[in-house]
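Input: a single structure, listed below in structure tokens.
The values are calculated or read from the model by the stated rules, or taken from the named source; none is laboratory data. None of these values were measured; they are calculated from a predicted model. So basically every Cβ, Gly included, is an ideal-geometry build from the backbone, and we count neighbours across all protein chains shown.
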Amino acid sequence: MKKLLGLLSIFLGLALVICLCASIFSKVPADVPDSSRFLFKLLTGFEYYIKYLPPIMMTGFVVSCSVYFGQNAVGSASRFSAAMFARFRHVMIAVIIIAFLLTLATEVFGVLIGRQKDRIINRPKLVNDYIKVGRTLYDNGYYDRAMRYADGALKLDPKSKDAAELMDAADVAVNRIRESNIRIKLYESVENAEKVDRVKIDPSQIAEVYQYYLKSKEAFEKKEWFNAHYYAEVGIGLASPKDPNLEGLKKLATTSWNNLTEYHNMEKNEDQMIFDRKYEGYLALVENDDLRAYYIFTELYNSSREFQSDPDIVFYRKIAENRINEKCFFMDETLELETFEDANDIYFSYKYSDGSQDVIYFKGVTTVAGTGKSIQYLRNLSICSLDKEGKLFRTMNVPYAKVLPISVESLSSMTKSLMGLDESVKSVPYIMLKSINRDGPTDQSLPEYTYYQKMEETYPEHLIFAISYDDFLLLETSMHNPGIIPLTTLFKLLSRAVKYGFSAEVFESVFLNRVFYPFWMVVVFLLLATFAWNNRIGIDQYFKFWWSLVFPVFFFVGTVFYRLCMFVFKLMNYAVLASTGLSGAIIGAFVLYSACLVATSVFFLARRSRI
Amino acid sequence: MKKALNLIIIYFVFLILGIAFGTLLHTMYSNILNYVAGRGLQLFSVESLIESFVHISFCMLFLICPAVSFYRIRHPAGVSQGIAFIIMSFLTWAILIPANHNFCNYLTDNFLTSAPHKTYLSKDYFRRVDNEVYYFTDDFTYSEKGGMEADAVVISISRERSYVDYRPVRDTPSLKVNSAAAPFREVLVSQSFLNDTKSLFVNFEELVKKARRTIDAGFIRYLFYLSFGLALCAIYALTDLFDWKLLNSVLLFFLSAFVLGCNSGLLSPWLSAIEAGIDSNVVYSFLARWTEEPLVFVGNCLLALLLLVLWIVTSIVKNHKRKKE
């Protein structure tokens, strides 16, 4: 057997060298950076190898077996001889290894190499996307997130100047905010900044802070309270905790602020004004006008640093925000989603118990990391609603929608029966269609409904899909090509595909093709071993070098033979499906291929030689 | 003599088993060709069995001589075997193929009386072709504008612009979801068989049609058509070419596929270009009167001659070697 595997390995090695040489002449897309061209060609060579591995393996196996059997043909004068059983053992081990390798190649390596090539092509695009998104976030004031994207871009391309610039800008902005987030109490400073190196004191920095101290003091003496407060705040932002000017700056800031507000609220008591505004917000909450309540408290929260620690404002703003989160979402949540979508072009349908149905399509889906896929955003969601006759009565389009699972226990029994949900369904997708601006009621995004029949028109801002949330997650895959869906997902989809508009027979046949592929390869290679025995090299013959010139013909024949085998294999799987139905197909296929294996084994063992 | 008789027995065993097994496989294949999602898979029907038998019987008759030659590689014998092979080749091409044609006509006329009914795509299934997804919401019905029509949700998923539309779709051969599925009815099925059917270089359907056409065209035309049979049978010369049987087997398979492919139109694009340049030639004009593809006829004859010469030379060389030993 060692000799057999040794000969086969030489053959496979030669084929690999040829594939790698062929890849030298392959075209490289323009998007691939120069530094990655060699790697791309290398991966292409491996891709050729994996694509043609089955016929290469078949050719190599037949040639190796033919030579091996030719030199070890003694002891099989009769059929079912002991020597033949020994050969059968060796061949079976070799064949099982081959079937395993071929399955690995098609299911794992082929996919991995494809993904790696995509990554190389997309890397420059991804760096640009990261920078573009980072800049958008920076411009909108989300410096922390901008910094993360700049960091991601630098990891992919450490030499990127744009990424480095963005990183620096975001870093400065983040530090400024961090350092300005210091709670100021009158006559007492309590620092709540992040840890800084309290030992290190930069003389040039002190000089700059002192300049702001002087400017603030000058303005203060002139009673220019805004300027005094402004320069003091800038100085506080730049100063380190050990800065000798810090205390002075804080006193200037707080005193000028107090004077400022006292000056502008001379007509009415400040506390009364704030109380009035809080009362307005609280009333809106009681009246369930959560959006108005949220904007009132947000305005208060944002209007003053002191209000950000006001317990009433903080508490009721949070309540209003939580209530809003149940009905809609903020537009800034979707700023960077398109670049990092988990899947694209998802479509499915489902029927209600009255025979009507919805056809769903969304262009992209992004999962929020760390949520276990329980928060997702759908881009360009379209829903076509059809009546029981299949006629369109309504369409809905929205640029972005947010999806969360909700428990079916929160639905009324009437809703559950209309949706036709099974008892086993625990949660369903809850879709929020409305998005709002986080800081003010200036703009919002609403779903667009169009009605095509005369009926009562409603414009809901949230929907529930009449399917299980688990099924919804399963459908976010390449349903149009079951050949590339992960096997475990494909297995789960077998019984559900037809409910959502996909052919159960096609899914089942693809599943059978993939699961029984190694089994079929064992049968085919055993048949090839028999063929190799029948055409083995003569005992007195030696392998002539010029015979290897015929190997390309071998390979061509091997390719055609492999395609024929796969064609017959797929036909047989369809036949099993047709005979046994969906439920018995796996067992039926197992029985069929077991019978094939037994038959080919008997055929092999029945071989004999004249010596 | 015994081996010659064995060859004859093998001939009939291969032929009968090949037709039986091939008919079963082809029936399954033709049912899958017509399969439409949601309508259930049908394995066998009398009509499809007869249609498959008609197709496969011809295919097996084309392949039987190469198959017997393949058997001969492992079981070589002397002149008697060669004579037996010549007799069987004559039997196949001069008698069995024309007789099969008449038998198939009888079967078709008496058992395949109903016109094949067209199947229309079912509703409630997503069918994706390139960047479009079709979801028929209704069964196909006859429309006032003529032809069959059904309403569909059509989703366009191109990178530049994606949209969802609802519109009536007419069932025409140029409809993407029909043309992309060919030869299957259902595009969902064709996608799983895509690579396998494209790699088969031989168009057996064209071979069968050509054979039947030529038989109907008369004796002289069929005589010229026999160049195809001559080329296929001449492959017998490869059975003893090399000492290593594997080489002989592989070359036999390769050359058989090549001959079948060339005669089923594999080289048509290039041959048409050559024929356009020589259509005024006298020999070409003469040949064109009696055969559909004169260049293929010439190629078949040349190949047969080459293989015959090769066989003679090989036999002489081997005989000489044996005498020396």
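For B:Phe258, are the conditions met, namely being within 30 Å of A:Val67 (Cα to Cα), within 18 Å of the chain's Cα centre (by Cα) and within 14 Å of chain A (Cβ to nearest Cβ)?
For B:Phe258, the condition - within 30 Å of A:Val67 (Cα to Cα), within 18 Å of the chain's Cα centre (by Cα) and within 14 Å of chain A (Cβ to nearest Cβ) - is met.
Taking the stretch A:517-550 as the search range and keeping residues that are more than 10 Å from chain B (Cβ to nearest Cβ) and under 16 Å from A:Ile56 (Cβ atoms), which one is surrounded by the fewest Cβ atoms within 10 Å (Cβ to Cβ)?
Restricting to residues being more than 10 Å from chain B (Cβ to nearest Cβ) and under 16 Å from A:Ile56 (Cβ atoms), the top hit is A:Ser548.
Could we say that A:Ser26 is hydroxyl-bearing (Ser, Thr, Tyr) and outside any helix (DSSP H, G or I) here?
Working: hydroxyl-bearing (Ser, Thr, Tyr): yes; outside any helix (DSSP H, G or I): yes.
Yes.
Of the numbered conditions (1) modelled with pLDDT of 85 or more; (2) under 13 Å from the mean Cα position of the chain (by Cα); (3) facing chain B (nearest Cβ under 10 Å), A:Tyr377 fails exactly one; give the number of that condition.
Of the numbered conditions (1) modelled with pLDDT of 85 or more; (2) under 13 Å from the mean Cα position of the chain (by Cα); (3) facing chain B (nearest Cβ under 10 Å), the odd one out for A:Tyr377 is (3).
Quick check on this structure: which one of B:Thr119, B:Thr108 is modelled with pLDDT under 90, away from chain A (no Cβ under 14 Å) and assigned to a loop (DSSP other than H, G, I, E, B)? Break it down stepwise before answering.
Values: B:Thr108 fails: assigned to a loop (DSSP other than H, G, I, E, B).
The unique qualifying residue is B:Thr119.
When you scan the stretch A:125-154, how many residues do you find that are under 26 Å from A:Ala30 (Cβ atoms) and not in a helix (DSSP H, G or I)?
Matching residues across the stretch A:125-154 total 0.
Restricting the stretch B:233-247 to residues that are part of a helix (DSSP H, G or I) and within 8 Å of chain A (Cβ to nearest Cβ), which is nearest to B:Val79 (Cα to Cα)?
B:Lys245
Which residue, of B:Tyr35, B:Tyr125, B:Tyr106, is touching a strand residue (DSSP E or B) at 6+ places or on another chain (Cβ under 9 Å) and more than 30 Å from A:Ile537 (Cα to Cα)?
Numbers: B:Tyr35 fails: touching a strand residue (DSSP E or B) at 6+ places or on another chain (Cβ under 9 Å); B:Tyr106 fails: touching a strand residue (DSSP E or B) at 6+ places or on another chain (Cβ under 9 Å).
Only one candidate passes the filter, namely B:Tyr125.
Taking into account only those residues within the stretch B:168-195 that are among the β-branched types (Val, Ile, Thr) and over 22 Å from the mean Cα position of the chain (by Cα), which is nearest to the other protein chains (Cβ to nearest Cβ)? Don't jump to the end; show me each part of the working.
To start, the set of residues in the stretch B:168-195 that are among the β-branched types (Val, Ile, Thr) comprises B:169, B:172, B:177, B:187, B:189.
Subsequent filtering for residues that are over 22 Å from the mean Cα position of the chain (by Cα) retains B:169, B:172, B:177, B:187.
Values: B:Val169: 13, B:Thr172: 21, B:Val177: 12, B:Val187: 10 Å.
Among residues in the stretch B:168-195 that are among the β-branched types (Val, Ile, Thr) and over 22 Å from the mean Cα position of the chain (by Cα), the one nearest to the other protein chains (Cβ to nearest Cβ) is B:Val187.
Let's see how each residue does on (1) surrounded by 21 or more Cβ atoms within 10 Å (Cβ to Cβ); (2) in contact (Cβ under 8 Å) with a residue 60 or more places away in the chain:
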site: A:Val359; (1), (2): yes, yes
site: A:Ala369; (1), (2): no, no
site: A:Ile375; (1), (2): no, no
site: A:Leu386; (1), (2): yes, no
site: A:Phe393; (1), (2): no, yes
site: A:Asn397; (1), (2): no, no
site: A:Tyr400; (1), (2): yes, yes
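I want to confirm something. Restricting to the stretch A:7-35 and keeping residues that are over 17 Å from A:Ile98 (Cα atoms) and buried (at least 16 other Cβ atoms within 10 Å of the Cβ), which single residue is modelled with the lowest pLDDT?
Among them, the one singled out is A:Val32.
Filter the stretch A:556-584 down to the residues that are facing another protein chain (nearest Cβ under 9 Å) and of a type in the set (Ser, Thr, Tyr) and list them by number.
Selection gives A:Thr559, A:Tyr562, A:Tyr574, A:Ser579.
Could you please give the count of residues in the stretch A:25-76 that are under 30 Å from A:Tyr542 (Cα atoms) and in contact with a Gly (Cβ under 7 Å, 6 or more places away or on another chain)?
Filtering the stretch A:25-76 down to residues under 30 Å from A:Tyr542 (Cα atoms) leaves A:49, A:52-76.
Keeping just the survivors that are in contact with a Gly (Cβ under 7 Å, 6 or more places away or on another chain) gives A:55, A:58-59, A:70.
Summing the residues that are under 30 Å from A:Tyr542 (Cα atoms) and in contact with a Gly (Cβ under 7 Å, 6 or more places away or on another chain) in the stretch A:25-76 gives 4.
Any chance the stretch A:541-548 includes a residue that's assigned to a helix (DSSP H, G or I) and in contact with a helix residue (DSSP H, G or I) (Cβ under 8 Å, 6 or more places away or on another chain)? If you could, list the steps in order and put the result at the bottom.
As a first pass, look at the stretch A:541-548 and keep what is assigned to a helix (DSSP H, G or I): A:545-548.
After this cut, where a residue has to be in contact with a helix residue (DSSP H, G or I) (Cβ under 8 Å, 6 or more places away or on another chain) as well, the list is A:547.
The answer is yes, given that some residue of the stretch A:541-548 is assigned to a helix (DSSP H, G or I) and in contact with a helix residue (DSSP H, G or I) (Cβ under 8 Å, 6 or more places away or on another chain).
Between A:Val498, A:Val553, which is facing another protein chain (nearest Cβ under 9 Å), aliphatic (A, V, I, L, M) and surrounded by fewer than 18 Cβ atoms within 10 Å (Cβ to Cβ)? Explain how you work it out, then say what you get.
On the way: A:Val498 fails: surrounded by fewer than 18 Cβ atoms within 10 Å (Cβ to Cβ).
From the options A:Val498, A:Val553, the qualifying one is A:Val553.
Read through the list (1) over 25 Å from the mean Cα position of the chain (by Cα); (2) crowded, with 18+ Cβ neighbours inside 10 Å; (3) more than 9 Å from every other protein chain (Cβ to nearest Cβ), then give the number of the only condition that A:Glu409 fails.
Checking A:Glu409 against (1) over 25 Å from the mean Cα position of the chain (by Cα); (2) crowded, with 18+ Cβ neighbours inside 10 Å; (3) more than 9 Å from every other protein chain (Cβ to nearest Cβ), the one that fails is (2).
In the stretch A:392-510, which strands (runs of 3 or more DSSP E) lie fully inside it and hold 1 or more residues that are of a type in the set (Ser, Thr, Tyr)?
Details: elements: A:392-407, A:427-432, A:434-436, A:448-451, A:462-464.
Passing ranges, in order: A:392-407, A:427-432, A:434-436, A:448-451.
Considering only the stretch B:127-136, how many residues are surrounded by fewer than 18 Cβ atoms within 10 Å (Cβ to Cβ) and in a strand (DSSP E or B)? Talk me through it step by step, then tell me what you get.
Start the filter on the stretch B:127-136 by keeping residues that are surrounded by fewer than 18 Cβ atoms within 10 Å (Cβ to Cβ), which leaves B:130-132.
Imposing the further condition that a residue be in a strand (DSSP E or B) reduces the set to B:132.
Residues meeting the conditions: 1.
Scan the stretch B:10-43 for residues that are outside any helix (DSSP H, G or I), within 9 Å of another protein chain (Cβ to nearest Cβ) and surrounded by fewer than 20 Cβ atoms within 10 Å (Cβ to Cβ) and jot them down. Show your work before the answer.
First, the residues of the stretch B:10-43 that are outside any helix (DSSP H, G or I): B:34-43.
Now drop any that are not within 9 Å of another protein chain (Cβ to nearest Cβ), which leaves B:35, B:37-38, B:40-43.
Correct list: B:Gly38, B:Gly40, B:Leu41, B:Gln42, B:Leu43.
Which of the residues belonging to the stretch B:200-232 are surrounded by 14 or more Cβ atoms within 10 Å (Cβ to Cβ) and in a loop (DSSP other than H, G, I, E, B)?
Listed by number, the residues that qualify are B:Leu200, B:Phe201, B:Val202, B:Asn203.
Restricting to the stretch A:51-67, and then to whatever is surrounded by 24 or more Cβ atoms within 10 Å (Cβ to Cβ) and among the small types (Gly, Ala, Ser), can you tell me which residue is nearest to the other protein chains (Cβ to nearest Cβ)?
A:Ser66
Which members of the stretch B:137-167 meet the condition of being of a type outside the set (A, V, I, L, M, F, W, C), within 13 Å of chain A (Cβ to nearest Cβ) and outside any strand (DSSP E or B)?
B:Thr137, B:Asp138, B:Asp139, B:Ser158, B:Arg159, B:Glu160, B:Arg161
Which ones in the stretch A:449-484 are in contact with a Phe, Trp or Tyr (Cβ under 9 Å, 6 or more places away or on another chain), within 24 Å of A:Glu341 (Cβ to Cβ) and within 14 Å of chain B (Cβ to nearest Cβ)?
A:Leu475, A:Met479, A:His480, A:Pro482
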